[in-house]
Amino acid sequence: MAATTDHTAEHNDGTEGRDDTSAADPGGRRRGVGPLAFAISVLGELLITAGLVLGLFVVYSLWWTNVLADREADQQGHKVRDEWAQSAPGGPGELDTKGGIGFLHVPSMHDGEILVKKGTSDAVLNDGVAGYYLDPVKAVLPMSGKKGNFSLAAHRDGHGAKFHNIHKVREGDPIVFETRDKWYVYKVYKILPETSKYNVEVLAPIPKESGARKPGHYITLTTCTPMYTSKYRYIVWGELVRVEKVDDKRTPPKELRG
């Protein structure tokens, strides 16, 4: 038995316990990855990187810009209220539009108060505010006492997204515009969920697309739609129902209480 074992060991040729090198090339190197596999690997890594970059961009656009814009809007809003508190009602500077002309309140949007400033450019709206139109149709400010259309715009997504919940507004809902010495209370009477971004008739002094046929004190809210796109515009029209003076305690109208 011992002789058989020894004989077997003599004819083992030293191959036992050695790695199989049949997959190696003649030079003893491991076979490399083929061009197609390498290309797929690189493409996969690029796609992963692109996905991460896109994800970060979305976070920045839809979350971080809101944080920055809300912070800026709060600072600007506090400054406006401080200026109101330091000036006498009806005194000089009431229509000074540099810092903001007032605050928009739309209870059904659940967005709190929205500072309103002059203009609708990105430079204005990106600060998390609403802006009144200067062109193509100039808005008529309610403080002027003139009949016309107080037309406003704000972002739907990102940069404060102040009109994000505009789709929650219903006919009959109140819209309140607050100035230093007056509350302007409007009532929503018509909604246009989608129209061309080039449809400037919605801003007309008499917005006939809303069903209006005579001069009045109108308000128009405009923003992008669908969400996360700027393909169309969403329109809400309201008409002034009354004006209240601001009292010493700055008591809001009943539409904003409770």
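The values are calculated or read from the model by the stated rules, or taken from the named source; none is laboratory data. From a predicted model like this one, the values you see are computed outputs, not experimental measurements. Note that we place each Cβ from the backbone using ideal geometry, even for glycine, and neighbour counts take in every protein chain shown.
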* Out of curiosity, is E178 surrounded by 19 or more Cβ atoms within 10 Å (Cβ to Cβ), touching a residue at least 40 places away in the same chain (Cβ under 8 Å) and of a type in the set (D, E)? -> yes
* Sort through R213, R250 and tell me the only one that's out of contact with any Cys (no Cβ under 9 Å at 6 or more places or on another chain), under 22 Å from G77 (Cα atoms) and assigned to a loop (DSSP other than H, G, I, E, B). => R250
* **Residues of the stretch 156-173 satisfying the condition of being under 8 Å from the mean Cα position of the chain (by Cα) and among the hydrophobic types (A, V, I, L, M, F, W, C)** => A161, F163
* Structure fact -> Filtering the stretch 162-175 for residues that are in a loop (DSSP other than H, G, I, E, B), farther than 22 Å from D135 by Cα and touching a residue at least 24 places away in the same chain (Cβ under 8 Å) leaves a count of 5
* Name every residue in the stretch 143-160 that is within 20 Å of V185 (Cβ to Cβ) and either of a type outside the set (S, T, N, Q) or assigned to a helix (DSSP H, G or I) (or both), in order of residue number. => M143, S144, G145, K146, K147, G148, F150, L152, A154
* To do: Please specify each residue of the stretch 192-248 satisfying the condition of being in contact (Cβ under 8 Å) with a residue 40 or more places away in the chain and among the hydroxyl-bearing types (S, T, Y).
  => T195, Y218, T220, T222, T223, T225, Y228, Y234
* Candidates A85, A130, filtered to the one that is at pLDDT below 95 and either of a type outside the set (S, T, Y) or on the phi < 0 side of the Ramachandran plot (or both) -> A85
* **Enumeration of residues in the stretch 109-142 that are in a strand (DSSP E or B) and aliphatic (A, V, I, L, M)** => I114, L115, V116, A130
* Inside the stretch 131-175, can you point out the residues that are under 22 Å from H78 (Cα atoms), crowded, with 23+ Cβ neighbours inside 10 Å and among the hydrophobic types (A, V, I, L, M, F, W, C)? -> L152, A153, A154, F163, I175
